[in-house]
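Each value in this text was obtained by applying a stated rule to the coordinates, not by laboratory testing. Just so it is clear, the structure is predicted and the values come from calculations on it, not from any experiment. Methodologically, a virtual Cβ is constructed for each residue, glycine included, from the backbone with ideal geometry; neighbour enumeration extends over all protein chains shown.
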Amino acid sequence: MDIKQLQDDLAATVRGNDILKCEVLNALDTLSYATPKLKYLELQVLKKDENINQLTNDLQECMKELGVMKGILPQVF
């Protein structure tokens, strides 16, 4: 190999390295944006789960009350 070929190979390697650095920085930027968004979405899921649990408990309570009412109604009529 001659000097010119080595210089060309080195220049190509440096360009490739610069491209990889840019890609890594872009990936880090994307990750830094996605991380808080993920945490927000996780909190939203937790809130939804809590709401579902509360609604389930409310429904069970209503079902119990309805059962009591069904037992009382025949006695009223």
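Which label marks the calculated value of percent of Cα pairs over 22 Å apart, given the options (i) 67; (ii) 44; (iii) 13? It is the value labelled (i). Think of each Lys and Arg Cβ as +1 and each Asp and Glu Cβ as -1; about the Cα centre, that makes the dipole of segment 26-77 roughly 60 debye. Other residues lying with their Cβ under 15 Å from the Cβ of residue 15 contribute a combined charge of -3, Lys and Arg counting +1, Asp and Glu -1. Between helix 3-76 and the chain there is an angle of about 0 degrees, using the helix long axis and the longest principal axis of the Cα atoms. Taking Cβ atoms as reference points and 12 Å as the exclusive limit, the residues near residue 30 contribute a net charge of -1, counting Lys and Arg as +1 and Asp and Glu as -1. Computed over the chain, the per-residue total of -39500 (n - 2.57) for DSSP H runs of n ≥ 4 gives a 222 nm mean residue ellipticity of -36500 deg cm²/dmol, rounded to 500.
If you take every residue apart from residue 41 with its C-beta less than 12 Å away from the C-beta of residue 41, what net charge results, scoring Lys and Arg +1 and Asp and Glu -1? Write down the numbers at each step before the final one.
On the way: positive: 37, 39, 47, 48; negative: 42.
So the surrounding residues net to +3.
Pairs of Lys residues in the chain that lie 8 or more places apart, or on two chains, and have C-alpha atoms under 21 angstrom apart add up to 4. Subtracting the Cα-Cα distance of residue 69 and residue 3 from 0.36 nm times their residue separation leaves 14.1 nm of extension gain.
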